[in-house]
Amino acid sequence: MHHKTRLCLFLTALFLASAVLISGHDSQTDPQREFERCRRKCDRRSPEARRICEDRCEERRRRQEEVEAQPGGDAGEREVEDKQNPYVYEDRHFGTDIQTRHGRVRVLRKFTEGSGWKLLRGVENYRVVIVEAEPRTFVVPNHWDADVVIFVANGKGSASLVRQNRRESFNIKEGDVFRIRAGTTTYLVNRDNNEKLVLVKLAIPVSIPGHFQAFFGAAGENPQSFYNAFSDEILEATFNTRKERLDKLFGQQKQGAFLKATEDQIRSMSRHKEGGIWPFGGESKGAVNIYEEGPKHDNKYGQLYEVDSSEYKPLRDLNVAVSLANITQGGMSAMNYNSKLTKISVVIDGEGHFEMACPHVSKESRRESQLPSYQRVGARLRRGTVVVVPAGHPFVAVASNNRNLQLLCFEVNAEDNESHLLAGKRNVMKQLEETAKELAFGVPAQEVDEVFNNQQEEYFFPGPQWRQQRQDLLADA
Amino acid sequence: MHHKTRLCLFLTALFLASAVLISGHDSQTDPQREFERCRRKCDRRSPEARRICEDRCEERRRRQEEVEAQPGGDAGEREVEDKQNPYVYEDRHFGTDIQTRHGRVRVLRKFTEGSGWKLLRGVENYRVVIVEAEPRTFVVPNHWDADVVIFVANGKGSASLVRQNRRESFNIKEGDVFRIRAGTTTYLVNRDNNEKLVLVKLAIPVSIPGHFQAFFGAAGENPQSFYNAFSDEILEATFNTRKERLDKLFGQQKQGAFLKATEDQIRSMSRHKEGGIWPFGGESKGAVNIYEEGPKHDNKYGQLYEVDSSEYKPLRDLNVAVSLANITQGGMSAMNYNSKLTKISVVIDGEGHFEMACPHVSKESRRESQLPSYQRVGARLRRGTVVVVPAGHPFVAVASNNRNLQLLCFEVNAEDNESHLLAGKRNVMKQLEETAKELAFGVPAQEVDEVFNNQQEEYFFPGPQWRQQRQDLLADA
Amino acid sequence: MHHKTRLCLFLTALFLASAVLISGHDSQTDPQREFERCRRKCDRRSPEARRICEDRCEERRRRQEEVEAQPGGDAGEREVEDKQNPYVYEDRHFGTDIQTRHGRVRVLRKFTEGSGWKLLRGVENYRVVIVEAEPRTFVVPNHWDADVVIFVANGKGSASLVRQNRRESFNIKEGDVFRIRAGTTTYLVNRDNNEKLVLVKLAIPVSIPGHFQAFFGAAGENPQSFYNAFSDEILEATFNTRKERLDKLFGQQKQGAFLKATEDQIRSMSRHKEGGIWPFGGESKGAVNIYEEGPKHDNKYGQLYEVDSSEYKPLRDLNVAVSLANITQGGMSAMNYNSKLTKISVVIDGEGHFEMACPHVSKESRRESQLPSYQRVGARLRRGTVVVVPAGHPFVAVASNNRNLQLLCFEVNAEDNESHLLAGKRNVMKQLEETAKELAFGVPAQEVDEVFNNQQEEYFFPGPQWRQQRQDLLADA
């Protein structure tokens, strides 16, 4: 009885949600204008009230944007739809921080914005940033109030990290992983003449949970130099220099954060060793390459590469690891879950599909403590899609038939994590006692074994279509 | 003008609020139906608003339930009543997770739900769970997205902990303490023919603060196996097996999470050593018994048993300890407070009374910063009552006259904690200089000493009634 | 376009804000009475609703107080005004905890109250407390549910720290830094006949984030002893003493937390070594003096003194350091930012001015992810002003022309922090490659160097007026 009611509630919720969306759609107004009007009203409120008011505005805008972005979802389907699904993020969930002819910076919205406000509180303080620099460009020096872990997804460049009294410059290439400590003034160069330099960053703010900012010092009016925020007397005294002169220096640069550089300029900033040695307090190398040590797991259907704190010490205090799954076209990952860590996965290349079993999703609309019923969280994967997989949740990723799928994963809370395989040669079920199998499945242990022993591969399997094809071949033979 | 508007809004709100409460009381409706209607309305809201809305519903329901549960409390009394008291929890604050003929699982609501939203934020991420399995039953394998510390409150059983490539099975009995790491697939057996197996668990979620779920893999339709959440193509490819066969395997089991087992089945799953050795990464024993090392403190009026990270390493990274106070009938604990840890106490057996001095309770309704006036937080103790004692708060527990009181305590934030005794042979006041005593109490130091030296016992004292009886005896003599 | 809109929004916000303030001002009511009436109404609400209600009251009161305190700010100015500025706190942001003829305790409101609710969440759990004891007074013993770091800003006293079975008493003097562990019963003496004893404390609550309370045991009716919160039977049994006698002991003291002491009493509580040795678990000295090791940095324009966990181990687990900047009259600090730590600065003596470049302030009124535009956060500094400087934010402090400015800083999250200098002899920009300077500033590297090399001092510079005077002298010559 209770159970039924809950189910109803849930469907009602679904219905209402979509209802809202449709009505939201009908109003033929520009979301941004709508949003600003909404926001203006909030300003009259007391801080507490204003926050809630503003969140509501954000929420409404996002809803509208999503409606415009979507071909009106399949509300009947059992699969949780994107718009109620806090685990999957598309292009539209990124804000554009910087965009010029020569490059752009995109920041994924907070995981706790919108429907993730409760389910993703555990990763509230992690932000995903994607930087793209055109060939032969220079990224103006700046520091962040966040620690940053960087993966070089594409291209060739050089990075310079400046701290009090020392600078470490090193060349970077595809597959490199490195950390930039909070407050380190950093500038980048795309050394290549044709290739984009693409960096995927995980930012971990140090003072405001989930919020960070870039601070540009060496700059002018665009990007604005923070020096310009100080009063004239202060600046004159600080630099022991007259205002006119300072205005000249801090007013010159107007071309933005990404600048075209000449070949000579590029060359002069590229004379660094690959990787390079980090002189800061006996820390390890400036960068390590994820392909360097070869794959941790490797078969015909895919490879897994990984960099953890044992290969690269600067990851230790962040308790973060980085892994890259390259799933062969038509292949899939073995179904598994992680004991402790939450995966923040970014599709670097290729296309595919993702499925996760999720007991928490429907929880909003029912009492906390009930026997879980699992929902499928599904998503199409394409370059730039971000998927969050919390600890304990079983999941699989499948590569499309025509191209390999490359999944970069930032693994948060990684120390002492164990990955538990749910199928294949070495799956957890094989550890159960005969009697336990019998009782748990309600069939003879032998029948359980037959199913769980039928998949002989490990970590990566042939995917649905691969399997289909093989069967067709057998059929023909 | 603006100001006026806000004021109006504000008064309206007030009016509505009280209206709700009154109607809530008058209306002779079933709280649960009322609650569901209330919740349904929330679903239309934006996430932010919905949370607040839903909390309000929760709150109203609880209020009603409490009204029904209580013989209209002594509102005049100085003692804080249960319904404003976030430190004490009764049966009605537990939700029933699973309930079958063969066993049940009950989960205590979040400490930050309702009136604890502010005062207990420090223990938001700890949840209390009580599991009861009937004689000769099997608990279906499942894993949690939480670390768990378990105390065996009653009975004899066996536990099997399955992790990648290894299984540790060991027998458990009353008094055993053990930890299950997040993600470990676990199944339990009640080996006894007559006794219930009762486990008290402290769950510490790893990804969503204060929220966790059980994941059943080896199962069918009830409990639902998470395998069933995945699409058919995925499952067929994963197991390299046709759908029909999988449906058979994952559809069979329909009898719930607790299963009756035959004597043979029980025997086959009970051939484990008591305690057992944990083979996982050089960790200590699978379980330790709290009685093993004898009481830390012991007199005629009670005993204190304890297991901390020095006796059982797996508790270290959780910063948790487990203690058991057995207070002799008519006895009481010495008044004391803890320097750092918060006690989450569960009454295992017996009856009694609890008192705590609390400066925070009344804070809601006055300015943050005022000279504290202490209120008494009191509670009747009976089996299943849960009491939270934050750091710094002086408290006592008294056993009823007819039975011993057994208090199990999960001690959160336990490392480097000091317990400070406020009365008895070795109380803190004895450390004050003469002059300090004089000034602080405004009487000659000697008078202070006379009172503080009058109680010669330590840790456990004769309680009020015991004392009474003794005086009567003296009177008769 | 967007940018314009944002700017407009921001100005509108400013306008509305001040509008509110004016209307708030018109109502000729006493803020405190208004506030209490407001609060009383909240008590009827459900906890959730009550919190919001109470916050609204707090907010309204603070707004009013600010209006009364301010000469109607320069709303047009680019500098962020105090009332939207969560980084600067004045006298009116302190609540008075205790106030008697013989001393007072003032507690700064939570950093997350009001406009800091979002920007200062990172320091939510730190509270600033200022204690002033008149000459020859005794502060009644009490313990806190918080760890405390103390700086002796003025006077001579003695401190007694009482824990189970031991007491450590030592004399304290200006410049001393010491920690009191949560739960330690502490009493203080001002040993001096003329000087006030002034302590600046950083409190770090152990159980309720951002909330702590004092627990008075050795006391009577004022301060109330927590013993009085327990029921008579419990007290009689606890002390094995009849009620009448207990009432006498715990009812006597009525003179408050600060007591006048006779010369003999003072003397008897002052026979302690300076600093003193801490016998607790091999910890370091009871107190260290910040001047002991001499200044870390020192020139004609100022000195910096510091105590970190390497000088004083008890600071390690708190991850806190304490520093004292003494800026010579007319001098200023070198512009700099910290990589990790947040500074909570308290003006101990003197007057001056403060400026900080802040990208986060205006964020409320625009989308999360935009190229930052920096605002100036400015404040007049006078004794008792508290300024918060988050990681990454460039800032300067300037001393007035007539007196030295003494800034005490509690440095939160201090381990592995690096301070980055933005001007002077060794500034970060000097580490940039020639080409990077050229590109970043859009001028020849030489021009950049000329400006950045013009200030030859380090850490402390001549301030604006000093500089002015010098130039005038040169002019006359």
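The values are calculated or read from the model by the stated rules, or taken from the named source; none is laboratory data. As the structure is a computational prediction, the values presented were derived from the model and not from experiment. FYI the Cβ positions are ideal-geometry reconstructions off the backbone, even for glycines, and counts take in every protein chain you see. Heavy atoms of the whole protein, side chains included, go into the accessibility calculation; ligands, DNA and RNA do not. Shrake-Rupley method; radii C 1.70, N 1.55, O 1.52, S 1.80 Å.
The figures follow:
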quantity	calculated
Subset tally (residues that are at the interface with another protein chain (Cβ under 7 Å from one of its Cβ atoms), within 30 Å of residue A:471 (Cβ to Cβ) and open to solvent by less than 10 Å² (accessible area, probe 1.4 Å)) for the range B:216-228	5
When residues of the range C:321-359 are limited to those that are part of a loop (DSSP other than H, G, I, E, B) and within 13 Å of chain A (Cβ to nearest Cβ), the one surrounded by the most Cβ atoms within 10 Å (Cβ to Cβ)	C:335
Any chance residue A:166 is without any contact (Cβ under 8 Å) to a residue 60 or more places away in the chain and touching a helix residue (DSSP H, G or I) at 6+ places or on another chain (Cβ under 8 Å)	no
Selection within the range A:92-126 - out of contact with any strand residue (DSSP E or B) (no Cβ under 9 Å at 6 or more places or on another chain), open to solvent by less than 40 Å² (accessible area, probe 1.4 Å) and at negative phi	A:112, A:115, A:117
Qualifying residues in the range A:186-215 (those that are open to solvent by less than 10 Å² (accessible area, probe 1.4 Å) and more than 21 Å from the chain's Cα centre (by Cα)) - the one farthest from residue A:347 (Cα to Cα)	A:215
Some residue of the range A:163-183 being within 11 Å of chain C (Cβ to nearest Cβ), of a type outside the set (D, E, K, R), in contact with a Leu (Cβ under 9 Å, 6 or more places away or on another chain) and surrounded by 23 or more Cβ atoms within 10 Å (Cβ to Cβ)	no
Helices (runs of 4 or more DSSP H) within the range A:389-477 that include 1 or more residues away from chain B (no Cβ under 11 Å) and closer than 20 Å to residue B:220 by Cα	A:445-452
Residues located in the range A:122-138, provided they are in contact with a Gly (Cβ under 9 Å, 6 or more places away or on another chain) and either part of a helix (DSSP H, G or I) or not aliphatic (A, V, I, L, M) (or both)	A:123, A:124, A:125, A:126, A:127, A:132, A:134, A:135, A:137
Of the criteria (1) open to solvent by less than 10 Å² (accessible area, probe 1.4 Å); (2) in contact with a Pro (Cβ under 7 Å, 6 or more places away or on another chain), which one residue C:150 fails	(2)
Subset of the range A:229-265 that is closer than 22 Å to residue A:99 by Cα and open to solvent by 10 Å² or more (accessible area, probe 1.4 Å) - its residue that is nearest to the other protein chains (Cβ to nearest Cβ)	A:252
